[in-house]
1. Only one of these is polar (S, T, N, Q) and surrounded by 14 or more Cβ atoms within 10 Å (Cβ to Cβ): Gln453, Gln368, Gln377, Gln382. Name it.
2. Given the options Glu525, Glu519, Glu475, Glu555, name the one that is surrounded by fewer than 16 Cβ atoms within 10 Å (Cβ to Cβ), touching a residue at least 24 places away in the same chain (Cβ under 8 Å) and farther than 28 Å from Leu71 by Cβ.
3. Please work out if Ala153 is modelled with pLDDT of 95 or more, surrounded by fewer than 23 Cβ atoms within 10 Å (Cβ to Cβ) and not in a strand (DSSP E or B).
4. Looking at Asn112, Asn168, which is the one that is over 27 Å from the mean Cα position of the chain (by Cα) and either more than 23 Å from Ala259 (Cβ to Cβ) or not assigned by TED's automatic domain parsing to the domain that holds Ala403 (or both)?
5. Could you tell me whether any residue of the range 244-267 is closer than 28 Å to Asp320 by Cα, outside any loop (DSSP other than H, G, I, E, B), among the β-branched types (Val, Ile, Thr) and in contact (Cβ under 8 Å) with a residue 24 or more places away in the chain?
6. Looking only at the range 240-261, count every residue that is surrounded by fewer than 24 Cβ atoms within 10 Å (Cβ to Cβ) and acidic (Asp, Glu) and tell me the total.
7. So if I check each of Asp335, Asp288, which one is in the same structural domain as Thr170 (by TED's automatic domain parsing), over 28 Å from the mean Cα position of the chain (by Cα) and among the acidic types (Asp, Glu)?
8. Tell me which residues, restricted to the range 112-128, are surrounded by fewer than 23 Cβ atoms within 10 Å (Cβ to Cβ), part of a strand (DSSP E or B) and among the small types (Gly, Ala, Ser).
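The values are calculated or read from the model by the stated rules, or taken from the named source; none is laboratory data. Small disclaimer: the values here were computed from a predicted structure and weren't measured. Positions of Cβ are backbone-derived with ideal geometry, glycine not excepted, and every protein chain shown enters the neighbour counts.
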Amino acid sequence: MRNFLQLFPLFALSFTFGAVPPKDERAAEPVDTNTSFFEKRFLEWSGTISRQQWEARRISLQKQILTAAGLEPLPAKRATPRAEIFAKKSYNGFTLEKVLIETAPNYWLGANLYRPLTPGRHPAILSPHGHWKDGRAEQTDTGNIPARAVMLARMGFVVLNYDMVGYNDTKQTPHSFGSPGEQLWNWGPLGLQLWNSIRAVDFLQSLPDVDPARLGATGASGGATQTFLLTAVDDRIKWSAPVNMISGIMQGGSPCENAPGLRIGTFNVEIGSMSAPRPMLMVAATGDWTKNTPRQEYPAVKKIYALYGKESELESLQFDAPHNYNQASREAVYDFFARKVLGLAKGPKESDIPVFSKADLLSLEGRQLPPGALTYQQVYEQFKAGISKRPTRGPTRERLLAALHNEWPANVEAEETATAFALSRTGRADRVVGRQFPGKGRPVIVIHPNGTQAAQAHPKVKELIAKGRRVLLLEPYKAPPVSDKLRYFLTFQRSEAAERIQNILTVLRWLDQIGQRPELLGLNEAAVWTKVAAAMAPNHPKLLGPNTPLPTSDEEWLKTLPAPGIRWALK
């Protein structure tokens, strides 16, 4: 990041730096999915937060997760999703059925339903599979997905093994998607999978042999990510066992585990802590990114459980193994659910597991999707149309702030000369700079996409200066080059477009602090920036110049303000 001296060599030497940092640190050390977050973030809240503060933080995080997923507020839904349950077969101690669940109109989730033979209502387990090659049909030593369903069904649970998007029967979308245009709407595999999980809960609760008040979830790897995200946003999950995923050094390697904005200011250990005070088992392995769990992640999450006096409801085990959901890990989960849900002394050892063919498991083996099933593009268009039909939760200003992860600063530090200013939000280590021309009347904040020199040369700005108006020329935020080694940058950092909006808000807040009500002038595509910023500012600044309409197409937004979530916020 170029510093202030490099940007303004003619007058920057007159500054005496104080509360405003000499460099903008917002992107000085970008983080990604492989960052060690214990050194960077965890100690900011671990061990010092009160229960009241945590509850407020938890509500904020739920909104952040659902916003990143394109699910805030949740779409309208039928209480009970349409489903087709068929091809029932009986085995030793359980039955197996194929399932297709309509989680959205004409969009189908493939699954298998494993049920105990005993009559009555049973607790139920949601079982997402993770990134195994064969999905929910995987039957290898490191991850036998049917095996855990078989054993849990024999124990007395109804179990739903269901697909990740793009796997097996759930093939109306690929597994990896989320182009820049789609990101404008917060559309991606993470949100679709989270919605599938929420609807899978609805489906299980509707079954006559399921006790709707006793639901749990377990999965490994990407299935663990689904498990703790679902547990974080859906309080109907009363017990959870995420396996080999809650880590301070790796946050998930797939698009279905990453969405723009998901982990800005947070990471998986904090998200996993949102299960508190509900019982949770953290299973770890020495051969993957949960190698530190006994020393770091588990004690950290336990501090959140301690806020409720429920430390005993959090358990952890680590096995000397590579990344897995192997038999030892599965048996630890059986034991956890046996004790916590069924009130037994311990769980069973695994035995007598059938070997299933794909024909035994896949719902679309020799069968087509139901009539009217949508194509990928139709699923996407339906999602966008659904956003406009959802009831708005909160004013547009709040939706914009949430989507872009911006803020109306609590306080702005300022340093200025007669010709320049430098600002910083207190505690944020950012640096917002510009030129200024003294004058009378309401100040005018001007921003040009090409910077202050281009702004100063504009005829409208020359006219304002000639009339004796006070004019502030704001330098637009310039994102530094991003290393190709950084993965899922926007999951952890704001977009350049969002940072540009934040700079405008910061200047507005500074002037607000000193009792001045400015006007905004955006030149060229910056006219859109100022219009969006004005909609986010509580002091409602006046816009100068022509009433530039907001873009009406994704292509126009990508040219002027390519901020993930912007079209979701301005539905």
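1. Gln382
2. Glu525
3. No; evaluated as a whole, the condition is false for this residue.
4. Going through Asn112, Asn168 in turn, the sole match is Asn112.
5. No, there is no match, as no residue in the range 244-267 is closer than 28 Å to Asp320 by Cα, outside any loop (DSSP other than H, G, I, E, B), among the β-branched types (Val, Ile, Thr) and in contact (Cβ under 8 Å) with a residue 24 or more places away in the chain.
6. Of the residues in the range 240-261, 0 are surrounded by fewer than 24 Cβ atoms within 10 Å (Cβ to Cβ) and acidic (Asp, Glu).
7. Asp335
8. Of everything in the range 112-128, nothing turns out to be surrounded by fewer than 23 Cβ atoms within 10 Å (Cβ to Cβ), part of a strand (DSSP E or B) and among the small types (Gly, Ala, Ser).
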